[in-house]
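No lab work stands behind these numbers, since they all come straight from the coordinates. Worth saying up front: this structure is predicted, and the values here are computed from it rather than measured. All Cβ positions, even for glycine, are placed from backbone atoms using ideal geometry, and neighbour counts span all protein chains on display.
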2 protein chains.
Amino acid sequence: MISILSALAEPTRLGALRILADGGEHCVCELMDKLGASQSRMSRHMSLLKTNGLVVDRRDAQWVRYTINPDLPDHLRGLIDAVLAAADAEIPLPKRKAA
Amino acid sequence: MISILSALAEPTRLGALRILADGGEHCVCELMDKLGASQSRMSRHMSLLKTNGLVVDRRDAQWVRYTINPDLPDHLRGLIDAVLAAADAEIPLPKRKAA
DNA sequence: CCATTATATGCGGATATGCGCATAAGCAAA
DNA sequence: TTTGCTTATGCGCATATCCGCATATAATGG
């Protein structure tokens with residue numbers, strides 16, 4: 001629990017989760033670009049999210065695709081949803097369609 | 001947001017919130033006892049929760065009574081509820097009535 | 001005023017966290 | 001195999017976090 005919250009309490013990691021929140025797969029390089037993070041930094045942060053079971057990864061050729069762990073227990077899924085909602089309330093994400 | 005999550009991501013502070021979750025007022029001395037924390041430690045942690053707007057305090061004679069901030073915006077109230085629910089799922093709180 | 005109880009805070013030290021740099025490792029195409 | 005692209009990791013540094021100890025501040029009662 002504490003480690004889960006710690007995992008969420010960091011800007012790059014929270015930013016990554018917000019991007020993954022669309023339910024799709026995203027490679028490290030994409031997350032780096034969108035979040036303005038260096039490669040090693042992004043890789044390490046994703047590794048920590050993975051260690052804490054919040055995301056899962058998949059090798060796809062030279063890329064590693066991350067997604068939010070689809071098998072999260074209900075209370076953790078609820079926690080993440082609440083965190084994402086609170087983050088959106090603070091700083092709305094840029095929309096893809098309709099400005 | 002990040003600072004809110006950081007505030008939650010510490011055992012003594014999360015423990016305090018779980019105690020405050022009954023909606024009542026609790027003094028520092030009570031929290032110290034129940035959480036096995038030293039006085040300075042407890043005081044500092046409560047101070048940080050207060051700084052982040054999660055709790056409010058009230059002087060009552062020689063005591064300072066803390067409660068969860070009743071004026072939290074919805075998304076933060078939702079976040080706290082989700083955190084408390086997840087914490088309960090991990091380690092249920094001892095019940096007062098009925099084991 | 002003094003003693004007692006409750007809480008806050010300055011200080012220094014130990015440990016944890018986050019970072020960049022360099023390098024390794026994985027994979028694909030030539 | 002060599003080259004290039006992507007991701008992971010060892011290392012050391014800078015800073016943040018947490019703690020206990022000691023002391024200050026606040027309030028109460030004698």
Next item on the list: Go through the stretch A:1-11 residue by residue and tally those that are buried (at least 18 other Cβ atoms within 10 Å of the Cβ) and either acidic (Asp, Glu) or assigned to a helix (DSSP H, G or I) (or both).
Entry: 4
Check: Restricting attention to the stretch A:22-67, which residues are acidic (Asp, Glu) and outside any strand (DSSP E or B)?
Finding: A:ASP22, A:GLU25, A:GLU30, A:ASP33
Next item on the list: Note down all Cβ pairs under 6 Å where the first residue falls in the stretch B:5-17 and is among the polar types (S, T, N, Q), the second is in a helix (DSSP H, G or I), and they're at least six residues apart or on different chains.
Entry: B:THR12/B:LEU35; B:THR12/B:HIS45
Next item on the list: Could you pull out the residue among A:LEU49, A:LEU35, A:LEU14 that is within 14 Å of another protein chain (Cβ to nearest Cβ), within 25 Å of B:ALA7 (Cβ to Cβ) and in contact with a strand residue (DSSP E or B) (Cβ under 6 Å, 6 or more places away or on another chain)?
Entry: A:LEU49
Check: So how many residues does the stretch B:30-53 have that are of a type in the set (Ser, Thr, Tyr) and within 7 Å of DNA strand C (Cβ to nearest atom)?
Finding: 3
Check: Looking at B:ILE91, B:ILE2, which is the one that is touching a helix residue (DSSP H, G or I) at 6+ places or on another chain (Cβ under 7 Å) and within 12 Å of chain A (Cβ to nearest Cβ)?
Finding: B:ILE2
Note to self: Just to be sure I understand, how many residues within the stretch A:11-34 are more than 11 Å from the chain's Cα centre (by Cα) and more than 8 Å from DNA strand D (Cβ to nearest atom)?
What the structure shows: 2
